[in-house]
1. Can you name every residue in region 183-202 that is aliphatic (A, V, I, L, M) and either exposed (fewer than 13 other Cβ atoms within 10 Å of the Cβ) or in a helix (DSSP H, G or I) (or both)?
2. Restricting to region 179-228, name every residue that is among the β-branched types (Val, Ile, Thr) and farther than 22 Å from Pro169 by Cβ.
3. Out of curiosity, is Thr147 hydroxyl-bearing (Ser, Thr, Tyr), modelled with pLDDT under 90 and part of a helix (DSSP H, G or I)?
4. Going residue by residue through region 38-54, is there one that turns out to be touching a helix residue (DSSP H, G or I) at 6+ places or on another chain (Cβ under 7 Å), of a type outside the set (Phe, Trp, Tyr) and closer than 24 Å to Lys202 by Cβ?
5. Exactly one condition in (1) farther than 30 Å from Asn98 by Cβ; (2) touching a residue at least 12 places away in the same chain (Cβ under 8 Å); (3) not polar (S, T, N, Q) is false for Tyr55; which is it?
6. What single numbered condition from (1) more than 30 Å from Lys8 (Cα to Cα); (2) buried (at least 19 other Cβ atoms within 10 Å of the Cβ); (3) at pLDDT below 85 fails to hold for Phe140?
7. Considering only residues of region 163-192 that are in contact with a Gly (Cβ under 8 Å, 6 or more places away or on another chain) and of a type outside the set (Gly, Ala, Ser), which is nearest to Ala216 (Cα to Cα)?
8. Does any residue of region 174-182 turn out to be under 30 Å from Phe73 (Cβ atoms), free of Cβ contacts under 8 Å to residues at least 60 places away in the same chain and not hydroxyl-bearing (Ser, Thr, Tyr)?
Amino acid sequence: MPRSRNIKPSLFKNELLGEADPLLTILFTGLWCLADRDGKMEDRPKRIRAEIFPYRELTDFNGYLTQLEQLGFIVRYSVDGVAVIQVMNFTRHQSPHNTERASELPEMPLKTPVCDMPKDEPLDNGSVTVKESLIPDSGFLIPDSKTKPPKSPKGDSVNYDKFPDQPDPAILKDWLSARRKAKASHTQTAMDRIGGELHKAKAMGFAVDDCLAEAATRTWRGFKADWMKGQQQVGQPATRKIKDFPTE
């Protein structure tokens with residue numbers, strides 16, 4: 001049963017949703033209304049589509065849910081055959097009425113079997129395969145006053161509020177030094193745009209420190225999340241050769 005929820009203005013300034021299909025923003029806010037007081041709901045794509053988009057013909061609706069999970073806004077998992085969607089940071093941004101019933105859905109384990117539903121998976125949710133996946137760190141998704149922005153180096157008038165995480169001060173210093181040597185612009189607009197790319201890279205599994213360290217080492221004038229594709233992640237071997245990386 002849908003419920004009334006709050007919407008913060010910062011939702012519409014989120015870089016990940018802002019650059020994605022607008023239907024993802026509608027879907028994400030719709031999931032708030034369907035979720036219980038703990039931010040959970042049954043992972044039933046057909047029913048969710050009927051509640052949020054009753055008049056739209058969306059042949060690949062499950063693909064939209066998959067995209068939200070890939071961006072880190074939701075987690076899909078299964079416990080004892082019960083498929084569940086957990087809206088990340090739900091209780092941090094919503095204040096359910098005290099008359100709402102406690103959730104009856106299973107809790108998400110610390111290391112959870114996440115529903116592996118590819119983009120082209122049919123809408124029938126009767127068969128779900130699972131894989132082991134760590135719960136993503138999604139604190140940056142809807143910024144609020146509790147989120148601490150990265151600190152600027154001493155004497156730096158530009159802030160790094162749009163970065164998803166606090167970078168290591170030494171790595172940040174090396175990266176800024178490399179940018180100065182490359183004569184790259186150091187403006188608030190440039191840092192905000194790079195922050196958006198760092199959010200994308202984080203959704204791909206790359207930490208902010210790794211991105212900045214790589215950019216400093218390669219002396220990239222700018223930064224694009226796609227440049228990190230093929231690079232070594234934690235527990236994974238590198239598969240891309242040095243000559244394949246961009247030089248600007």
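The values are calculated or read from the model by the stated rules, or taken from the named source; none is laboratory data. Keep in mind that what you see is a predicted model, and the values were worked out from it rather than measured. Virtual Cβ from ideal backbone geometry, glycine too; neighbours counted across all protein chains shown.
1. Residues satisfying the conditions are Ala190, Met191, Ile194, Leu198, Ala201.
2. If the condition is that a residue be among the β-branched types (Val, Ile, Thr) and farther than 22 Å from Pro169 by Cβ, then Thr189 is the only one that fits.
3. Considered against the rule, which asks whether it is hydroxyl-bearing (Ser, Thr, Tyr), modelled with pLDDT under 90 and part of a helix (DSSP H, G or I), Thr147 comes out as no.
4. yes
5. Only one criterion in (1) farther than 30 Å from Asn98 by Cβ; (2) touching a residue at least 12 places away in the same chain (Cβ under 8 Å); (3) not polar (S, T, N, Q) is unmet by Tyr55, namely (2).
6. (1)
7. Phe163
8. yes
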